[in-house]
Amino acid sequence: MKTYTSAGELQQMLREEKSNQKSIGYVATMGYLHEGHATLMEKARKENDIVVLSIFVNPLQFGPNEDFETYPRDLVRDENVAANAGVDFLFYPTVQEMYGEEPSVTVVVQSRTDCLCGRQRPGHFDGVATVLTKFFNIILPDRAYFGKKDAQQVAVIDGLIKDFNFPIQLIAVDTVREEDGLAKSSRNVYLSDSERMEAKELYQSLLRAAKAIDSGESNAETVRALIKEHIESHTHGVIDYVEVYQYPELKPLETLSGNIIIALAVKFKHARLIDNMTINMK
């Protein structure tokens with residue numbers, strides 16, 4: 001694995017690889033890699049000649065109450081995880097390398113952001129879209145890999161790729177789960193033992209909703225109520241949201257049809273957990 005900090009040098013290397021008909025798979029991260037990231041890298045390894053991983057804590061996607069400076073960083077550990085997953089090129093740029101003194105152009109996301117987690121993080125997805133536009137132009141990937149756990153992010157990236165005509169295939173990878181179904185997250189370590197036992201019920205609530213839909217339930221409010229009732233009766237967590245939307249457009253639905261997403265966020269004492277499930281009803 002070779003590490004680059006210069007966008008120009010990496011871009012030149014990857015252009016040479018593409019001229020030799022090599023396919024490029026790309027995984028974007030902010031580092032502090034975990035099993036979910038490794039799953040993305042391993043899938044990219046299976047499907048491409050070359051795998052590129054970026055590690056960049058992007059200041060543009062941090063809000064005023066989110067501390068960019070204290071975001072966890074551990075490059076040595078991350079390099080080991082990346083190498084073990086078969087990454088060929090690691091891109092680890094500085095903020096100065098990516099944006100200079102101040103970016104003169106940024107991307108503004110017009111839709112798919114005023115709901116779910118985006119409702120509480122204005123400007124967050126503008127930062128995501130801006131940095132990915134730069135990464136896509138630097139790396140020129142054939143395929144880009146993102147986890148379904150961050151379903152709203154996947155929806156925004158889907159719009160970015162389509163609207164800007166990037167010749168990139170978006171690969172959404174299934175959420176990595178613990179044996180009891182809890183979605184893997186670095187936040188899980190902040191759960192107490194009793195909260196950890198309860199947290200598995202978030203996925204169980206989604207399964208309950210899916211079962212109801214499979215049995216013919218098509219009213220979105222009824223599905224939402226099923227999930228809320230399950231969470232409230234099986235956990236001490238506080239529900240932030242439970243939503244049912246058309247996906248990836250993230251438009252509200254009254255009657256379920258087409259491709260949908262059921263998404264939830266629940267706050268425990270020291271951790272806010274998210275989970276979701278997509279269902280194709282066609």
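Tabulated data
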| item | result |
| --- | --- |
| Lone qualifier among Asp67, Asp78 - being acidic (Asp, Glu), closer than 20 Å to Tyr26 by Cα and assigned by TED's automatic domain parsing to the domain that holds Leu10 | Asp78 |
| Members of segment 65-91 that are touching a helix residue (DSSP H, G or I) at 6+ places or on another chain (Cβ under 8 Å), surrounded by fewer than 18 Cβ atoms within 10 Å (Cβ to Cβ) and under 30 Å from Glu16 (Cβ atoms) | Asn84, Gly86 |
| Criterion violated by Glu221 - all others in (1) crowded, with 16+ Cβ neighbours inside 10 Å; (2) modelled with pLDDT of 95 or more satisfied | (1) |
| Complete set of residues in segment 200-217 that are within 21 Å of Val266 (Cα to Cα) and of a type in the set (S, T, N, Q) | Gln204, Ser205 |
| Subset tally (residues that are part of a helix (DSSP H, G or I) and either at pLDDT below 95 or not small (Gly, Ala, Ser) (or both)) for segment 39-72 | 11 |
| Output for segment 244-278, where each listed residue is under 17 Å from Ser218 (Cα atoms), in a loop (DSSP other than H, G, I, E, B) and of a type outside the set (A, V, I, L, M, F, W, C) | Tyr247, Glu254, Ser257, Gly258 |
| Residue satisfying all of: in segment 3-38; over 17 Å from the mean Cα position of the chain (by Cα) and assigned to a strand (DSSP E or B); farthest from Arg77 (Cα to Cα) among these | Ile24 |
| Candidate set: segment 234-243, residues that are in contact with a helix residue (DSSP H, G or I) (Cβ under 9 Å, 6 or more places away or on another chain) and part of a strand (DSSP E or B); chosen: the one surrounded by the fewest Cβ atoms within 10 Å (Cβ to Cβ) | Ile239 |
| Some residue of segment 183-199 being small (Gly, Ala, Ser), under 25 Å from Met281 (Cβ atoms) and more than 18 Å from the chain's Cα centre (by Cα) | no |
| Single unsatisfied condition, Arg77 versus (1) more than 20 Å from Val128 (Cβ to Cβ); (2) part of a loop (DSSP other than H, G, I, E, B); (3) basic (Lys, Arg) | (2) |
| Given (1) surrounded by fewer than 18 Cβ atoms within 10 Å (Cβ to Cβ); (2) modelled with pLDDT of 95 or more; (3) under 30 Å from Gln110 (Cβ atoms); (4) out of contact with any Leu (no Cβ under 6 Å at 6 or more places or on another chain), index of the condition Ile274 fails | (1) |
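Condition check ((1) hydroxyl-bearing (Ser, Thr, Tyr); (2) crowded, with 18+ Cβ neighbours inside 10 Å; (3) in contact with a Cys (Cβ under 6 Å, 6 or more places away or on another chain)) across all residues:
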{"site": "Phe146", "(1), (2), (3)": "no, yes, no"}
{"site": "Val156", "(1), (2), (3)": "no, yes, no"}
{"site": "Ser185", "(1), (2), (3)": "yes, yes, no"}
{"site": "Ala212", "(1), (2), (3)": "no, no, no"}
{"site": "Glu217", "(1), (2), (3)": "no, no, no"}
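The values are calculated or read from the model by the stated rules, or taken from the named source; none is laboratory data. Quantities reported herein were computed from a predicted structural model and do not represent experimental measurements. Glycine gets a Cβ as well: all are built from the backbone with ideal geometry, and neighbour counts include every protein chain shown.
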